[in-house]
Amino acid sequence: MTEVDRDIRLQGQLIDDQILSRVLDLVARYGARYEIRSLRIGRTGAEPSEAVLTLTAPDRLTLDRVLRAVADFGAEPLGPSPATLAPAPADGVLPEGFYATSNLPTEVLSGEGWLPVAGEEMDLAVVVSADGTSARAVPMAGVRRGELVVTGDEGVRVRPAARGEGVGGFRFMASEVSAEKPKGPLLARVIEALRGVRARGEKILLVAGPAVVHTGAGPVVEGLIREGWIDLLFAGNALAAHDVEAALYGTSLGVPIAGGESSPGGHAHHLWAINAIRKAGSLEAAVRSGILQGGIMHASVLRGIPFVLAGSIRDDGPLPDVITDVMAAQQAMRALVPGVGAALLIGTTLHAVATGNLLPARVLTICVDINPAVVTKLQDRGSRQSLGMVMDGASFLEQLSRGLIG
């Protein structure tokens, strides 16, 4: 069997960010070899380094796998050919071997030069305009028959996230998930980072599960919304339903939030709450009519905070504002992502992973859950920018509120 090789170039903070060593480890892991043809190291931390390597693999398939793996670290094949394009065979169907995006800044090479790919999001395809002057990331369901889709890895390059890059000085992939790490210094940095996001005019997104209401943190979130620290809200039917239940009956899942014993029939409170909103027609209509006079959803309506409530198969009701078509909900969430500078994912597994998959790597993402499996799952799914904190969501929100509002 004849070996195959390819020259690649690496540029950036190759030593400080350990890019070179990580690339060499990947090459060996995939069963290939490398030869460093040239290496120029920047004289200062601000000056980039550059390396040219020859990668040798036992066959083309192995070489392609290596090139695909090292591409996430900015490896650029020397003398690259323009990206290979193939027409989508049908609406919602991509050509074989289509290039799957990461959430890092990406470019594709066309006859017009390197084109930035609009819309940084993982697990999408790249569609190049018919005139070859623009490129955009498109979800599988959004592609249309005949659109030109990038296939293979040739003519594609990404800019890796530096370990020192991020919002508020956070280092991507630098924090292991642990319940035993001191939370005080980390919370102080989160607060500082959110102040920086606000100062730049970027948005703060809250993604929350019903545990926020169950644990009595609803009023804290209300305060954050009223004081302008939350700009967008993603949740499910459960958060909104129990928030309304708390506002109407003072309970969550029939349990008094202020303490005390459950009342007879309390298990039906969330159903009665949903029914009251369905009778009003919408959450906004319930607020305007005076039926709903408090809670997270009440504050969101009054402040004009856009929210997306995505439904699931286990929903009661659901509330009239819930989007029951999951693809429509995904599109509604995706439409609100531009301009987000930070995302707080509190007490929800599915919504946290779903939102993390929609966010570019440049968005600071704080995932807080009492279950360490949730925060590790988000990172394992490829959300490189996520910072995991294993702690009670209510405690996190209370300390966050004290730091931001006082």
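Going by average Cβ density within 10 Å per residue, which order do the peptides 216-226, 322-332, 268-278 take, highest to lowest? Walk me through the intermediate numbers first.
Working: 216-226: 20.7, 322-332: 15.6, 268-278: 19.0.
The most tightly packed comes first, giving 216-226, 268-278, 322-332.
Quick check: the distance between the Cα centres of the stretch 36-92 and the stretch 133-157, to the nearest angstrom?
19
Compute the helix-to-body angle for 183-199: its Cα long axis versus the longest principal axis of the chain, expressed 0 to 90° and rounded to tens.
On a 0 to 90 degree scale, this one is about 80.
Quick one: work out the % antiparallel among DSSP beta bridges in the chain, nearest 5. Each step should come with its number before you reach the end.
Numbers: 39 of 65 bridges.
Once the DSSP bridges in the chain are tallied, antiparallel ones form about 60 percent.
Pull up the cross-link candidates among the aspartates and glutamates for K279, meaning alpha carbon to alpha carbon under 19 Å and not fewer than 8 places away within one chain.
Of all the aspartates and glutamates, those that pass the test against K279 - Cα under 19 Å, at least 8 places apart if same chain - are D243, E245, D315, D316, D321.
Using only helices, what value at 222 nm comes out for the chain when you add -39,500 (n - 2.57) per DSSP H run of length 4 or more and divide by the total residues, to the nearest 500 deg cm²/dmol? Write out the running numbers ahead of the final one.
Values: 13 runs with 134 residues, N = 406.
Mean residue ellipticity, 222 nm, calculated: -10000 deg cm²/dmol.
Given bins 10 angstrom wide, list per bin the percent of all Cα-Cα distances in the stretch 183-252, short to long.
For the stretch 183-252, the pair-distance distribution reads 19, 44, 28, 9.
On average, how much accessible surface per residue is there in the stretch 246-305, in Å², for a 1.4 Å probe, leaving out ligands, DNA and RNA? Kindly include the intermediate steps, with their values, before the conclusion.
Working: 3180 Å² over 60 residues.
For the stretch 246-305, the per-residue accessible area is 53 Å².
For the chain, what relative contact order do you get, as a whole percent, if you take Cα pairs closer than 8 Å and at least 6 residues apart? Please report the intermediate quantities before stating the final value.
Values: 853 pairs, mean separation 57.1, N = 406.
Once normalised by length, the contact order is 14 percent.
Once each part is reduced to its C-alpha centroid, what is the distance from the stretch 295-325 to the stretch 256-272 in angstrom?
Comparing the Cα centres of the stretch 295-325 and the stretch 256-272, I get a distance of 21 Å.
Over the stretch 291-382, what is the relative contact order in whole percent, taking alpha-carbon pairs under 8 Å and six or more residues apart?
Details: 77 pairs, mean separation 17.9, N = 92.
Relative contact order here is 19 percent.
How large, in percent, is the carbon and sulfur part of the accessible surface of the chain at a probe radius of 1.4 Å? Present the calculation step by step, with values, prior to reporting the outcome.
Values: 9600 of 18430 Å².
Here carbon and sulfur together make up 52 percent of the probe-accessible area.
At a 10 angstrom cut-off on C-beta neighbours, averaged per residue, how do the peptides 25-37, 6-18 rank from highest to lowest? Don't jump to the answer; show the numbers that get you there.
Numbers: 25-37: 14.9, 6-18: 18.2.
Averaged packing, sorted descending, gives the order 6-18, 25-37.
The values are calculated or read from the model by the stated rules, or taken from the named source; none is laboratory data. Not measured: the values here are computed from a predicted model. FYI the Cβ positions are ideal-geometry reconstructions off the backbone, even for glycines, and counts take in every protein chain you see. Accessible surface is based on the protein model in full, side chains and every heavy atom, while ligands, DNA and RNA are left aside. Shrake-Rupley method; radii C 1.70, N 1.55, O 1.52, S 1.80 Å.
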